[in-house]
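Read the structure below first, then the notes.
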Amino acid sequence: MSLADALSEHARELAEFTAGEQITASARAQAPSGWEPGLQMDGPTGTITTQPVTAAPDWDDLLRVWDLDPAEFEVVEPVQFRAWDAAIGGGEVRRMFYYRATIRRRRNGQPAIDELLAAIGKRRPKVSPQRDSKDAFVAITADTQIGDGETSEVISRFEDKTQQALDNLKAARKRGLVGDQAVLPWLGDCVQGVVSQGGALVWRNDLTLVEALRVYRRLALWQVSQFAALAEVRVVAIPGNHDDPTRVGGIKSSPAHDSWATDGISAVEDTLRFAGGFDHVTFTYPEPDQSTVTLDIQGTNVGMAHGHQWKGAASGIHAWWAKQSHGRTGIGAADVLLTGHRHHYYAEVAGGNRFALVAPPLVSTGSYWTDATGDRTPPGIVTMRIGGGSWSGVEIL
């Protein structure tokens, strides 16, 4: 007789059975205190205690009797039990048991911990399939500060890291991780200039402003032409504080978009348009009197700023960004925010999976910066993949 049949037959008492045999009335005993048969539940956990039985019950059957699905609930081992010898008549003595167990709802309907542990190492790892992604490949350049006393080193560093970025693009395309678009953001402080910090650091410069601008334009032209041989290219120019053309009393005296940074990229655009054959290269600049740009890159909204818009540490990026969102600006609606200015790498995900990245500089950390902030960071270019509302593959070269 099954346990369910026994309960149906004895509606006012719990079933007593073992191995298909009903326990006789003479075998029944008064349950000791704390071992009263029944079920007690407290939310997702509880305790179940059997009637006197001669062997361990089938816990799944017992759970079903109490309308608890074994697929959703489990018995927590080890279970407790009490045993005694009972006279059942005819001079026969039989060993009887009470069983009591803690039960709990399986975590999200998943297997018990023992099943999970037993399965570790036995599954065959999945091999990532060849992708056919439309993500864009992005190579970020920030704070080259051409003319800041180490121009030769910056040129060599920029060429080496751009070549690494080109190799990364080829490898990512071979693996199907990116499509046909490459984005080249220049995030400001492209030249050291002569007005930032009141011109007090001009004595460090190893180039005049005109010479620094020529180097900057040539570097950008070389990088764009290299990527243009491999992909459709989008170049973005972002003004930095060192790129200000004029200041009066230490305050920028021209519109926010008026910048040596945008001048250098616009010269590259003019050169390619004059040369012809570069229709697959496009250029983006801030709107009039704006210092930031927001683009849709393959379905991901990407904001770009130099980073001097807020004071203090790089970690303040999300607070500034949140204010932009509150003000309903274009950059406030971005999924990804790219900046420079802080002379060290910093990245953080916050605010509903929004990714903020501060790129390292191409110029090495000067002693004046270290004295002011304590920061030292290896120079570098950051590459990543962007598309489909997200990002991946962030790497510092």
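Per residue, how large is the accessible surface of the chain? Use a 1.4 angstrom probe and give square angstrom. List each step's numbers first, then the result.
Working: 20100 Å² over 397 residues.
Here the residues of the chain average 51 Å² of exposed surface.
Can you tell me the dipole magnitude for the chain around its Cα centre, using point charges on the Cβ only (Lys, Arg +1; Asp, Glu -1), in Debye to the nearest 20?
Details: 38 positive and 48 negative charges, 92 e Å.
Computed charge dipole of the chain: roughly 440 debye.
Can you give the relative contact order of region 264-397 as a percent, counting alpha carbon pairs under 8 Å and 6+ residues apart? Over region 264-397, the number comes to 18 percent. Cα centroids of region 239-254 and region 43-102: 82 Å apart.
Taking N as the number of residues in the chain, what is its Cα Rg relative to 2.2 N^0.38 Å? Spell out each step's value before the answer.
Working: Rg = 35.7 Å, N = 397, 2.2 N^0.38 = 21.4 Å.
Here the Cα radius of gyration is 1.67 times the empirical estimate.
Taking every alpha-carbon pair under 8 Å whose residues sit at least 6 apart, region 173-308 reaches a relative contact order of 29 percent. Between helix 260-275 and the chain there is an angle of about 80 degrees, using the helix long axis and the longest principal axis of the Cα atoms.
Taking region 61-78 and a reference point 7 angstrom along Cα→Cβ of L116, the backbone N atoms nearer than 16 Å belong to 72-77.
Using the crude model of +1 on Lys and Arg Cβ and -1 on Asp and Glu Cβ, and no other charge, please compute the dipole size for region 166-281 relative to its Cα centre, in debye to 20.
340 debye
For H308, the amide hydrogen comes within under 5 Å of no other amide hydrogen, counting only partners 5 or more places away or on other chains and with H modelled in the peptide plane.
Can you give the local net charge around L357? Use residues other than it whose beta-carbon is closer than 15 angstrom to its beta-carbon, Lys and Arg +1, Asp and Glu -1. Every neighbour counted, the sum reads -1.
Applying both filters, DSSP loop and at most 16 other Cβ atoms within 10 Å, to the GluC sites (Glu not before Pro) of region 57-103 gives E72.
Could you please state how large a percent of the accessible area of the chain is carbon and sulfur, counting protein chains only and using a 1.4 Å probe? List each step's numbers first, then the result.
On the way: 10050 of 20100 Å².
Exposed carbon and sulfur together represent 50 percent of the surface.
Once the chain from A55 to T329 is taken as fully extended at 0.36 nm per residue, the excess over their C-alpha distance is 91.4 nm.
Look at the alpha carbon pairs under 8 Å that are at least 6 residues apart: their mean separation over the length of the chain gives a relative contact order of 13 percent.
Global dimensions of region 155-301 from alpha-carbon coordinates: Rg and Dmax equal 16.5, 54 Å.
The values are calculated or read from the model by the stated rules, or taken from the named source; none is laboratory data. Values in this document were obtained by computation on a predicted structure and should not be read as measured data. Here Cβ is always computed from backbone atoms with ideal geometry, including for glycine, and neighbour counts include all displayed protein chains. Ligands, DNA and RNA are stripped out before the accessible areas are found, and what is left, the full protein with its side chains, is counted by its heavy atoms. Shrake-Rupley method; radii C 1.70, N 1.55, O 1.52, S 1.80 Å.
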